[in-house]
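Down below is the structure, laid out as structure tokens.
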Amino acid sequence: MTGQQRTDRHGIAIIGAGMIGAAHAFGYRMHLPRFRRQLDLQLSTICDARAEAAGTLAATYGFESTATDWRAVMADDRIRIVSVALPNFVHAEVVAAALQARKHVLCEKPLALSAASARALCDQAKASGVVAGTVFNYRRVPAIAEIVKLVKSGEIGPPIHFVIQYQCEYGADPNLPHSWRDVREKAGGGALVDLGTHAIDIARLICGDISEVLGAAAATVITRRYLPMSATAGHDHGALSSEQRPVDTDDVTSAMLVFDNGCHGMFLTSRVAVGLGSTLSFALSGTRGTVRYTSAAPGEYQIARMGGSHTGTFSIVPNRPTSPYAHDYLPVPHDGVPVGYAESFGFMIAEFLGSIASGAPFEGSLEDGLKAAEALEAVQRSVEQRRPVALSEIGKTAPVA
Ligand SMILES: NC(=O)c1ccc[n+]([C@@H]2O[C@H](COP(=O)([O-])OP(=O)(O)OC[C@H]3O[C@@H](n4cnc5c(N)ncnc54)[C@H](O)[C@@H]3O)[C@@H](O)[C@H]2O)c1
């Protein structure tokens, strides 16, 4: 199925036209022309249960048609590439259907509501022969990709200690309407799953696999929210009804992680961090240096090396024309030109299309989605049972849809 010919029509469908479906549409629209010589790519269908949302997104980015039932997308043989941008509880069913229909599939994080369910999808994908991936767009921020290379090259020595935080403001306002994100059986978790999935993926990419969660704590600060008067997307505000519903997902979670290589560190995620907008930041100390990054300054990273006259100071390393992704995809890849969130999304979609065209493995695979799900489940178990949880414990229950 991979490494296909120009003559094969590859219709693209995005299922879910909410906040992040738009980021997928933007990515395909930006990068599709790069692959026109290898693949006959068409922006085919936007599918959403809300017909109006599907129509607006299709019109904005030039998709040919709309649908309201994702099963119609699966039944359409002209559609060969599917992005799944639906609420978390629908992911596993739709990805399984896409694999069954032998369509290349890129699924939003979290891949599934449980590690067992994510593992079932990985097993199914192995037999399908299609390109299947989990959305981990932060991997494609040039400064982060450069840090990954740097740490792997041994530049700062073996990792000793790692601190990573993904803190957002979107849930801090008690007038944010109640949504599927506030319901454990629909979201799988709150800040931990929504934001922590990204932080866990970056932690794994830089430090390697996580072996144990030594301890964790979580809290829900806003325990009830008002229902919206009409459907809202993403973190949109809107008119509220007078009816409230409980929130049973976490607003903040902290955990202490141990990695296979002996490095340990702190992980923190919040959706009620006033003033922090959407801020992913981390610092890794190795035996010979420290690297650090914050999405507040997305066009650079900082490094301090032991020894010489610079001990105790950080150097700023701006994006360069040679930086990963900047080199391949940016029109102006020169020193320090910042890279935004939507661009990192586009880089990921370019790599996804590239893997379909060439047959090369796609980084940010379903296995990466599974590994993140295992770590998140270990954190949740550690919170609930107030004890250390080894990752080897996870995933021994039956798959959950
Ligand atoms: N990668 C990232 O940085 C990032 C950022 C935000 C959200 N996400 C993920 O993207 C996914 C979607 O989040 P969102 O904020 O866009 O949600 P959203 O609520 O804004 O949009 C979801 C859309 O799915 C539609 N929908 C729901 N059930 C459907 C069904 N059965 N069939 C067809 N349409 C259906 C809704 O009408 C809505 O338009 C989530 O899994 C979330 O975790 C990822």
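Evaluate region 239-248: report whether one residue or more is away from the ligand (no atom under 16 Å from the Cβ), in contact with a Gly (Cβ under 9 Å, 6 or more places away or on another chain) and either outside any strand (DSSP E or B) or open to solvent by 50 Å² or more (accessible area, probe 1.4 Å) (or both).
Here is the first cut: in region 239-248, the ones away from the ligand (no atom under 16 Å from the Cβ) are 239-244, 246, 248.
Narrowing the set further to residues that are in contact with a Gly (Cβ under 9 Å, 6 or more places away or on another chain) leaves 248.
Filter again for either outside any strand (DSSP E or B) or open to solvent by 50 Å² or more (accessible area, probe 1.4 Å) (or both), leaving 248.
Yes; the residues of region 239-248 include at least one that is away from the ligand (no atom under 16 Å from the Cβ), in contact with a Gly (Cβ under 9 Å, 6 or more places away or on another chain) and either outside any strand (DSSP E or B) or open to solvent by 50 Å² or more (accessible area, probe 1.4 Å) (or both).
Taking residue 36 as meeting all but one of (1) closer than 30 Å to residue 391 by Cβ; (2) surrounded by fewer than 24 Cβ atoms within 10 Å (Cβ to Cβ), write down the number of the exception.
For residue 36, the failing item is (1).
Hey, can you tell me all the residues within region 150-183 that are of a type in the set (D, E, K, R), within 20 Å of the chain's Cα centre (by Cα) and open to solvent by 20 Å² or more (accessible area, probe 1.4 Å)?
So the first thing to find is which residues in region 150-183 are of a type in the set (D, E, K, R), and the list is 152, 155, 169, 173, 181-182.
Restricting the remaining residues to those that are within 20 Å of the chain's Cα centre (by Cα) gives 169, 181-182.
169, 181, listed by residue number.
Taking into account only those residues within region 201-229 that are under 28 Å from residue 245 (Cβ atoms) and outside any strand (DSSP E or B), which is farthest from the chain's Cα centre (by Cα)? Show your work before the answer.
Going through region 201-229, the residues under 28 Å from residue 245 (Cβ atoms) turn out to be 216-229.
From the residues that got through so far, the ones that are outside any strand (DSSP E or B) too are 220-223, 229.
Numbers: 220: 22, 221: 24, 222: 25, 223: 26, 229: 29 Å.
Selected residue: 229.
Hey, residue 191 hits all of (1) among the aliphatic types (A, V, I, L, M); (2) under 26 Å from residue 362 (Cα atoms); (3) open to solvent by less than 10 Å² (accessible area, probe 1.4 Å) but one; which does it fall short on?
(2)
Counting only residues that are in contact (Cβ under 8 Å) with a residue 60 or more places away in the chain and more than 19 Å from residue 356 (Cβ to Cβ), which one in region 39-81 is surrounded by the fewest Cβ atoms within 10 Å (Cβ to Cβ)? It would help to see each step written out before you state the result.
So in region 39-81, the residues in contact (Cβ under 8 Å) with a residue 60 or more places away in the chain come out as 39, 41, 50, 53, 73, 76, 78-81.
Pick out the ones that are also more than 19 Å from residue 356 (Cβ to Cβ) and you get 50, 53.
Working: 50: 15, 53: 20.
That would be 50.
Is it true that residue 335 is farther than 30 Å from residue 248 by Cβ and touching a residue at least 12 places away in the same chain (Cβ under 8 Å)?
yes
Just one of (1) open to solvent by less than 20 Å² (accessible area, probe 1.4 Å); (2) not in a helix (DSSP H, G or I) trips up residue 350, so point out which.
Answer for residue 350: the failing condition is (2).
From the list 42, 100, which residue is in contact with a His (Cβ under 8 Å, 6 or more places away or on another chain) and more than 16 Å from the ligand (Cβ to nearest atom)? Break it down stepwise before answering.
Working: 100 fails: in contact with a His (Cβ under 8 Å, 6 or more places away or on another chain).
One residue alone meets the criteria, 42.
From the list 60, 68, which residue is at pLDDT 95 or above and away from the ligand (no atom under 12 Å from the Cβ)? It would help to see each step written out before you state the result.
Numbers: 68 fails: away from the ligand (no atom under 12 Å from the Cβ).
Of 60, 68, the one residue that is at pLDDT 95 or above and away from the ligand (no atom under 12 Å from the Cβ) is 60.
With under 20 Å from residue 22 (Cβ atoms) and not small (Gly, Ala, Ser) as the only criterion, which of 110, 142 stands out? I'd like the intermediate steps shown before the answer.
Numbers: 142 fails: under 20 Å from residue 22 (Cβ atoms).
Result: 110 is the single residue among 110, 142 that is under 20 Å from residue 22 (Cβ atoms) and not small (Gly, Ala, Ser).
Here's a check for you: in region 359-374, which residue that is open to solvent by less than 40 Å² (accessible area, probe 1.4 Å) and not in a loop (DSSP other than H, G, I, E, B) is farthest from residue 133 (Cα to Cα)?
Initially, region 359-374 is screened for residues open to solvent by less than 40 Å² (accessible area, probe 1.4 Å), giving 359, 362, 364-366, 368-370, 372-374.
Then drop every residue that is not not in a loop (DSSP other than H, G, I, E, B), which leaves 365-366, 368-370, 372-374.
Numbers: 365: 4, 366: 5, 368: 8, 369: 8, 370: 11, 372: 13, 373: 14, 374: 17 Å.
So the residue we want is 374.
I'd like the full set of residues that are open to solvent by less than 20 Å² (accessible area, probe 1.4 Å), more than 14 Å from the ligand (Cβ to nearest atom) and over 16 Å from residue 340 (Cβ atoms), limited to region 131-149.
131, 132, 147, 148
The values are calculated or read from the model by the stated rules, or taken from the named source; none is laboratory data. Since this is a predicted model, take the numbers as computed values, not measurements. Cβ coordinates were reconstructed from backbone atoms using ideal geometry, including for glycine residues, and neighbour counts include every protein chain displayed. We work out accessible area using only protein heavy atoms, side chains counted, and drop any ligands, DNA or RNA first. Shrake-Rupley method; radii C 1.70, N 1.55, O 1.52, S 1.80 Å.
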